[in-house]
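Student: Input: one structure, supplied below.
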């Protein structure tokens with residue numbers, strides 16, 4: 001498997017999508033104004049400072065709108081992988097629509113980068129863990145997935161805790177599934193990473209590594225805004241659980257990433 005997953009203690013990943021594409025019920029999807037050029041540059045700079053490369057799971061809608069940002073990530077050495085064409089939950093799609101999504105996104109990203117795309121991550125970890133989905137991934141040239149979230153939530157996740165990559169054999173070849181780590185609760189990205197204190201995060205990452213497992217870190221571009229997005233939208237009419245999950249504690253995430261992930 002060609003991936004930065006093999007070359008570091010922590011697998012660093014970025015789910016590249018616009019905030020409006022998320023599955024959160026935010027009530028601001030059409031009014032948000034976010035500078036994705038700056039946010040992608042923020043990501044490149046933090047990775048350069050840490051001397052790391054990442055895997056960028058890019059939504060097809062984002063790639064269609066910002067192909068130059070996909071190229072920029074690729075040219076800086078980051079692996080480009082598929083996040084599907086749009087952010088619909090896989091478990092709410094017909095399997096034919098989902099297959100079209102992973103084929104179209106793969107073709108789009110390969111046309112932009114000139115390189116084969118081997119990795120996939122489902123929207124909101126929503127791909128069912130059944131053989132037919134892995135069969136379709138393998139049939140269409142994918143080699144691995146990182147779609148397994150070992151914690152059941154109202155929107156996504158699985159009840160069984162799997163800490164290590166596991167192989168699914170299909171009639172079209174093997175697919176490696178790379179789970180997100182959990183220690184009681186997930187901690188290595190998104191809302192969980194934002195709300196937990198730095199010393200707790202360092203402890204959990206080290207505990208997973210010392211136990212012989214490789215943690216997967218994940219973040220989104222809109223979380224890389226050094227301005228607190230919660231303050232930016234404090235006056236909107238929609239304020240609910242989804243809003244808090246998307247925005248709570250978004251200030252200084254760049255500094256937090258650096259402090260937690262540096263060697």
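Nothing in this text is a laboratory measurement; each read-out follows from the coordinates by a stated rule. Computed from a prediction, not measured in an experiment: that's the story for all the values here. Positions of Cβ are generated from backbone atoms using ideal geometry, with glycine treated the same way; all protein chains shown enter the neighbour counts.
Student: Quote to one decimal, in nm, the extra length available between residue 107 and residue 213 on full extension: 0.36 nm per residue of separation minus the C-alpha distance between them.
Tutor: 34.9 nm
Student: Rounded to the nearest 0.05, what FRET efficiency is calculated for residue 35 and residue 195 with R0 set to 30 Å and r the Cβ-Cβ distance?
Tutor: 0.75
Student: Give me the extension gain from residue 49 to residue 97: residue separation times 0.36 nm, minus the current Cα-Cα distance, reported in nm with one decimal.
Tutor: Taking 0.36 nm per residue and subtracting the Cα distance, the gain is 13.3 nm.
Student: Express the relative contact order of the stretch 185-226 as a whole percentage, based on alpha carbon pairs under 8 Å and six or more residues apart in sequence.
Tutor: It comes to 46 percent, rounded to a whole number.
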